[in-house]
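The values are calculated or read from the model by the stated rules, or taken from the named source; none is laboratory data. Treat the numbers as computed from the prediction; the structure is a model and nothing was measured. All Cβ positions, even for glycine, are placed from backbone atoms using ideal geometry, and neighbour counts span all protein chains on display. The accessibility values were calculated without ligands, DNA or RNA, using every heavy atom of the protein model including side chains. Shrake-Rupley method; radii C 1.70, N 1.55, O 1.52, S 1.80 Å.
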Amino acid sequence: MDEPVRRNSVKRAVVIVIDGCGAGAAPDAHEFGDEPTCNTLANTAAAVGGLNLPCLERLGLGNITRIQGVAPDSASAGWFGKLQESSRGKDTQTGHWELMGLVSNVAFPLYPNGFPGDILERFVAETGCQGVLGNKPASGTGILDELGQEHQRTGFPIVYTSGDSVFQVACHVDTVPLERQYEWCRIARKILDGQHRVGRVICRPFTGAPGNYRRLGGDRRDYAVPPPAPTLLDRLRARGDGVLGIGKIEDIFDRQGLTHAVHTGSNKEGLELTLAAVNGTVDLSGLAIVPEPPPSVQFIFTNLVDTDMLFGHRRDVRGYAGALVEIDQWLGRIMEAMGPHDILCISSDHGNDPTARGTDHTREYVPLLIWSPSLEEAPGSHDLGTRQGFVDVAASLAVWLGVNWDGPGVSFIPELSKAVKT
């Protein structure tokens, strides 16, 4: 392990989003077709006979919802609470955007019966792909089992959607070269506008043989609509701060507000890069996405997608539990590398209860865990309560980083500042 680089004066923030990690049904869960019993963390723990998450337990995760194996801790090292989403959705985009200060009051369009014929006709004509397969809501792995062979025989892309506002294109890399897949998705992104302006067009390349197809997570690309208004990321970049997106952050925000970005193929890779960024040992030279990037980063924004993509949607409870254990094992190393003026925020974008019916996200509260070396052993209650809106994260981190914030949200930083050790 590289020696941690301690920073004594520059304030930094590290935000880790455990994708699809809910903490109990939101009050409006029924409006999104979800049961009042959905609870990603609690139900996963119960299904596997308990979770061993010592680092998250120390930060106060067991105080947010009852999790078998994760005890409540009245003297937690971290500050804890839960967030209730304000945006009209339970998808990746609205969740991440709201964490950074942007509420989506209008839901993206959904396609429970597949996409209209005129959309697919334009897609076929403009891509020259000759035809499509699927055109229905489906599991990303199930539809490969169903149509993968037919795709390889015909060369037609598999087009499908889900409970999210997504137009997904799956092709075998030996049948359709990767760059052509990306081009087809860029064409789809231009077509899907106006009333059909889906949140994301997703390229889902895969490899393997019938009966053993495997999606290539590192080569996935999301073509999202850009945030319609500035977020905290834009404020930071405009100020000259370095903003690093790790994982699919670059795609979710359409690069808006970032100075550096890197895609990842797994949670482990994302956690390794997060640790390197905190240590100051990540090579930023090849990650810049702006002409004159800052030499360092003050905001590290990581999405850990395996919990959602590999395990939540597939309703793989044991896989989900294992992913949480892996994250917990890395968190201690990341925290050890952080300096006294750094702050860590761990949260999520929505739920994805692997014990729930179906394969879609679940409308849930999400956990909120806050930690900084300067808050260790802070006296008094560490309970931040139930926050009305994910936007409280943006409002709070803006205060921590000294950014003028006139957006929505109520900062919990004043509560923390009373306890900060100088």
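Listed values, structure above:
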item: Flag for G50 being small (G, A, S), touching a strand residue (DSSP E or B) at 6+ places or on another chain (Cβ under 9 Å), part of a loop (DSSP other than H, G, I, E, B) and under 17 Å from S86 (Cα atoms); result: no
item: Check on V17, hydrophobic (A, V, I, L, M, F, W, C) and under 26 Å from R357 (Cα atoms); result: yes
item: Hits in the stretch 171-202 (condition: part of a loop (DSSP other than H, G, I, E, B), acidic (D, E) and either within 24 Å of the chain's Cα centre (by Cα) or under 16 Å from A224 (Cα atoms) (or both)); result: D193
item: Residue check for S86: under 27 Å from G409 (Cα atoms) and either under 20 Å from the mean Cα position of the chain (by Cα) or without any contact (Cβ under 8 Å) to a residue 60 or more places away in the chain (or both); result: yes
item: Residue in the stretch 147-170 that is in a loop (DSSP other than H, G, I, E, B), modelled with pLDDT of 95 or more and under 25 Å from the mean Cα position of the chain (by Cα) present; result: no
item: Options T302, T307; residue that is hydroxyl-bearing (S, T, Y), in a strand (DSSP E or B) and touching a strand residue (DSSP E or B) at 6+ places or on another chain (Cβ under 9 Å); result: T302
item: Counted residues, the stretch 203-220 - those being in a strand (DSSP E or B), touching a Phe, Trp or Tyr at 6+ places or on another chain (Cβ under 7 Å) and either more than 19 Å from T161 (Cα to Cα) or open to solvent by less than 50 Å² (accessible area, probe 1.4 Å) (or both); result: 4
item: Scan of the stretch 59-74 for residues that are closer than 19 Å to W330 by Cβ, part of a loop (DSSP other than H, G, I, E, B) and touching a residue at least 40 places away in the same chain (Cβ under 8 Å), ordered by number; result: G60
item: The one condition in (1) in contact with a Gly (Cβ under 7 Å, 6 or more places away or on another chain); (2) closer than 24 Å to V393 by Cα that N52 fails to fulfil; result: (2)
item: Index of the failed condition, A77 passing every other in (1) surrounded by 24 or more Cβ atoms within 10 Å (Cβ to Cβ); (2) farther than 30 Å from N135 by Cα; result: (1)
item: 3 or more residues open to solvent by less than 10 Å² (accessible area, probe 1.4 Å), farther than 19 Å from Q298 by Cα and modelled with pLDDT of 95 or more: qualifying strands (runs of 3 or more DSSP E) within the stretch 316-395; result: 366-371
item: Complete set of residues in the stretch 78-94 that are in a loop (DSSP other than H, G, I, E, B) and under 24 Å from C38 (Cα atoms); result: E85, S86, S87, R88, G89, K90, D91
item: Checking I143 against (1) closer than 20 Å to G211 by Cβ; (2) surrounded by fewer than 19 Cβ atoms within 10 Å (Cβ to Cβ), the condition it does not meet; result: (2)
item: Among the candidates E35, E57, residue that is of a type in the set (D, E, K, R), buried (at least 20 other Cβ atoms within 10 Å of the Cβ) and more than 20 Å from the chain's Cα centre (by Cα); result: E57
item: Number of the exception - Q130 against (1) touching a Ser or Thr at 6+ places or on another chain (Cβ under 7 Å); (2) of a type outside the set (G, A, S); (3) surrounded by fewer than 21 Cβ atoms within 10 Å (Cβ to Cβ); result: (1)
item: G270 vs. criteria closer than 21 Å to D19 by Cβ, assigned to a loop (DSSP other than H, G, I, E, B) and in contact with an Asp or Glu (Cβ under 9 Å, 6 or more places away or on another chain); result: no
item: Of all residues making up the stretch 111-127, the number that are out of contact with any strand residue (DSSP E or B) (no Cβ under 7 Å at 6 or more places or on another chain), assigned to a helix (DSSP H, G or I) and open to solvent by less than 70 Å² (accessible area, probe 1.4 Å); result: 5
item: Condition broken by Q152, with the remaining ones in (1) under 24 Å from L110 (Cα atoms); (2) of a type outside the set (G, A, S); (3) open to solvent by 40 Å² or more (accessible area, probe 1.4 Å) satisfied; result: (1)
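Okay, residues lined up against (1) more than 29 Å from V403 (Cβ to Cβ); (2) modelled with pLDDT of 95 or more; (3) part of a helix (DSSP H, G or I):
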| position | (1), (2), (3) |
| --- | --- |
| P27 | yes, yes, no |
| E57 | yes, yes, yes |
| S76 | no, no, no |
| H96 | no, yes, yes |
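Residue by residue, here is whether (1) closer than 21 Å to A277 by Cβ; (2) within 16 Å of the chain's Cα centre (by Cα); (3) without any contact (Cβ under 8 Å) to a residue 24 or more places away in the chain holds:
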{"position": "E292", "(1), (2), (3)": "yes, no, yes"}
{"position": "H313", "(1), (2), (3)": "no, yes, no"}
{"position": "D316", "(1), (2), (3)": "no, no, no"}
{"position": "A321", "(1), (2), (3)": "no, no, no"}
{"position": "E326", "(1), (2), (3)": "yes, no, no"}
